[in-house]
1. Using C-alpha positions alone, give me the convex hull volume of the stretch 92-142 per residue in cubic angstrom.
2. At q = 0.14 Å⁻¹, what base-10 log of I(q)/I(0) does the Debye formula yield for the stretch 50-210 when every alpha carbon is treated as an equal point scatterer in vacuo?
3. In nm, what is the difference between 0.36 nm times the number of residues separating R61 and E123 and their Cα-Cα distance?
4. Report the calculated FRET efficiency for A137 and S183 (r = Cβ-Cβ distance, R0 = 22 Å), to the nearest 0.05.
5. Report ³J(HN,Hα) in whole Hz for each residue of the stretch 108-123, in order, from the Karplus equation J = 6.51 cos²θ - 1.76 cosθ + 1.60 where θ = phi - 60°; Gly and Pro get x.
6. Enumerate the amide H contacts of L126 below 5 Å, restricted to partners 5 or more residues apart or on another chain; note that Pro and chain-start residues carry no placed amide H.
7. Assign unit charges at the C-beta atoms only (+1 for Lys and Arg, -1 for Asp and Glu), then state the dipole size of the stretch 50-210 relative to its Cα centre in Debye, rounded to the nearest 20.
8. Considering the zone a paramagnetic label at S207 would reach in this model (a point 7 Å from Cα along the Cα-to-Cβ line), which residues of the stretch 75-106 have amide N under 12 Å from it?
Amino acid sequence: MSASRFPLSCTNHLRGFTLLEVLIALSLVAMILAALYSTFFLSRKAIDAVDDSLLRLQESRAVLDVMKREIESALYDSNKSYTVFRLEDEDCNGTQVSRITFTTFSQGHQGLARVEYSVVEHEGMLTLVKSVNAAYARSADVRAVELIEDLGSFAVEILFKDQWVKIWDSVLAKGIPEEIRVSIKIKKKEQEKPLESEGSFPFFMISDIARPKIGRTL
C-alpha cells in the first residue's frame, strides 16, 4: 500500500505529549494528592482527638460513679475515733482543689476502709489520686493509685444550710452531711478547637450528687 494515499495533515494527530505537558500534568497530580493527603491527615487527627476525649470522659465517669457509691456508703460514729468524714479546700499549682477523707465500705477492700481522694501536681500537670487503707489501723500500708491525669480541677462541695461549702469536719459537725456534690473538670486534646470561655484548652465538666445512706431513713 502506497504511503501517498494518507494525507500529510493526518500525521499531526499521531504525535505524543511534549515534555513540558507531561511535567505540568505531573505537577497538577502532585498538588491534588498533597491536598488530599493533608485533608485526610487533619481528619485523622481530629477523629483521634475525639476518640481520646471520649475515652477520658468515660474513664472519669467511671471514677465518679465509684466515688459516689463510696460516699453513699460512708460511716461515721463520734464514739469511734477511727471513723472520719473530712473535706478540705487546697491550692494545687494555683488551682483550687478538694481533698476528701472518709471511712466507708469500699469495693475490693475487706472491712471498713479509710479512703482519701486528693490532687497532686507533677511538672505542671494535676492528677487525681485515691488512697485506701484499713480504717482500724492507720499505720497499715496505704494503697495509692492514680485515677485521672492532666486534670482540670476537682471540687467537692457540701450542702449546709442551703449553701454549698468546701470545708467540713464531722468531728465538729457531729455527723455526715446529707448531700455532697462532686465535680470533675477534664482537659480535652490540644488539637481540638479551644473554647473562648475556657482559655487555651477546652474542658469536659461532669458532676454528681451523693447522699450518704448509712444511718439514714431510706
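1. On the way: hull volume 4.5 nm³, N = 51.
Spread over its residues, the Cα hull of the stretch 92-142 gives 89 Å³ apiece.
2. With no solvent term, the Cα-only Debye profile gives -0.73.
3. Values: separation 62, 0.36 × 62 = 22.32 nm, distance 2.52 nm.
19.8 nm is the gain from fully extending R61 to E123.
4. On the way: r = 32 Å, r/R0 = 1.47.
After rounding, the FRET efficiency stands at 0.10.
5. These are the phi-based 3J(HN,Hα) values: x, 10, 7, x, 6, 10, 9, 10, 9, 10, 8, 10, 10, 10, 9, 6 Hz.
6. Hits under the 5 Å cutoff: D150, L151.
7. Details: 20 positive and 28 negative charges, 107 e Å.
It works out to roughly 520 debye.
8. Of the residues in the stretch 75-106, none has backbone N under 12 Å from the label point off S207.
Values in this text are rule-based calculations from the coordinates and carry no lab data. On a predicted model such as this, the values are computed, not experimentally measured, just so you know. With ideal geometry, Cβ positions are generated from the backbone for all residues, glycine too; neighbour counts draw on all protein chains shown.
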